[in-house]
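Only one structure is covered here, and it is reproduced in the block below.
The values are calculated or read from the model by the stated rules, or taken from the named source; none is laboratory data. In this text the structure is predicted, and so the values were computed from the model without any measurement. Positions of Cβ are backbone-derived with ideal geometry, glycine not excepted, and every protein chain shown enters the neighbour counts.
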């Protein structure tokens, strides 16, 4: 790692015509932590993640991931991140095992290591019995768990998850949290875009983006641990967090 910060963003701006998606976002994420991005639809959460993962360039400002600039050092950034987007990125015509192993080979892992890691991840996410079935036969929740398995096969130190619990049963969510906690214990960093409040309350740090609606999003409304977010009256999501955290 080139930096003690997993992510360092300074004044990021991004617009699509007259729509402002990010309006000067500045934030940092220490290594070995879980950061949750909150905010209503249109607040700029996915745009922010797409910039961090080199899928989109900012109009202005800059950002680094593990010390690598997301524009100048894009290839280095891709080597240290894992990404699970809102839509699963798996091949329906391959088996579950083939999908996970394919990602391992793309990261130039040896065949033996790829097989070992694929087997472990498929077991971890409860997919061993379905590992040799084509993905087209999987349920939505199974596809989501497979997508998460594939994003972890290269053991990236920084993992960005865009709504990872979508389509997951509550038992699957619990299993996901156990995996994420284990990763953080091992020094990994996790950035979450999530609407599941039970997941958000376990984050070390929360960034609340807003405002709700309109043509101008991507402004930081509140920042801090979940317990402080619920005390911020301007925080749209913080008001809903109160019932989960138990703060009066």
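Yes or no: the range 125-136 includes at least one residue that is closer than 30 Å to residue 4 by Cα and part of a loop (DSSP other than H, G, I, E, B).
No, the range 125-136 contains no residue that is closer than 30 Å to residue 4 by Cα and part of a loop (DSSP other than H, G, I, E, B).
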* So residue 47 clears everything in (1) touching a strand residue (DSSP E or B) at 6+ places or on another chain (Cβ under 6 Å); (2) assigned to a loop (DSSP other than H, G, I, E, B); (3) at pLDDT below 95 except one condition, right? Which one? -> (2)
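What about residue 82, is it crowded, with 23+ Cβ neighbours inside 10 Å and assigned to a strand (DSSP E or B)? Walk me through it before giving the result.
Values: crowded, with 23+ Cβ neighbours inside 10 Å: yes; assigned to a strand (DSSP E or B): yes.
Taking the combined requirement at face value, the residue satisfies it.
With respect to residue 247, is the statement that it is assigned to a strand (DSSP E or B) and either at pLDDT below 80 or more than 18 Å from residue 81 (Cα to Cα) (or both) true?
Values: assigned to a strand (DSSP E or B): no; either at pLDDT below 80 or more than 18 Å from residue 81 (Cα to Cα) (or both): yes.
It is false that residue 247 is assigned to a strand (DSSP E or B) and either at pLDDT below 80 or more than 18 Å from residue 81 (Cα to Cα) (or both).
Return yes or no: is residue 127 buried (at least 18 other Cβ atoms within 10 Å of the Cβ), under 14 Å from residue 175 (Cβ atoms) and at pLDDT 90 or above?
Numbers: buried (at least 18 other Cβ atoms within 10 Å of the Cβ): yes; under 14 Å from residue 175 (Cβ atoms): yes; at pLDDT 90 or above: yes.
Judged against the criteria, residue 127 is a match.
For the range 2-42, what are the residues that are assigned to a strand (DSSP E or B), more than 17 Å from the chain's Cα centre (by Cα) and closer than 21 Å to residue 185 by Cβ? Show your work before the answer.
The initial filter retains those residues of the range 2-42 that are assigned to a strand (DSSP E or B), namely 5-16, 19-30, 34-38.
Checking which are more than 17 Å from the chain's Cα centre (by Cα) leaves us with 10-16, 19-26.
Scanning the range 2-42 gives no hits.
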* Failed condition for residue 165, given (1) surrounded by 20 or more Cβ atoms within 10 Å (Cβ to Cβ); (2) assigned to a helix (DSSP H, G or I); (3) at pLDDT below 95, with all others met? -> (2)
* Structure fact -> Out of (1) closer than 21 Å to residue 199 by Cβ; (2) surrounded by 21 or more Cβ atoms within 10 Å (Cβ to Cβ), the one residue 51 does not meet is (1)
* Tally of residues being under 14 Å from residue 218 (Cα atoms) and modelled with pLDDT of 95 or more across the range 50-61 -> 5
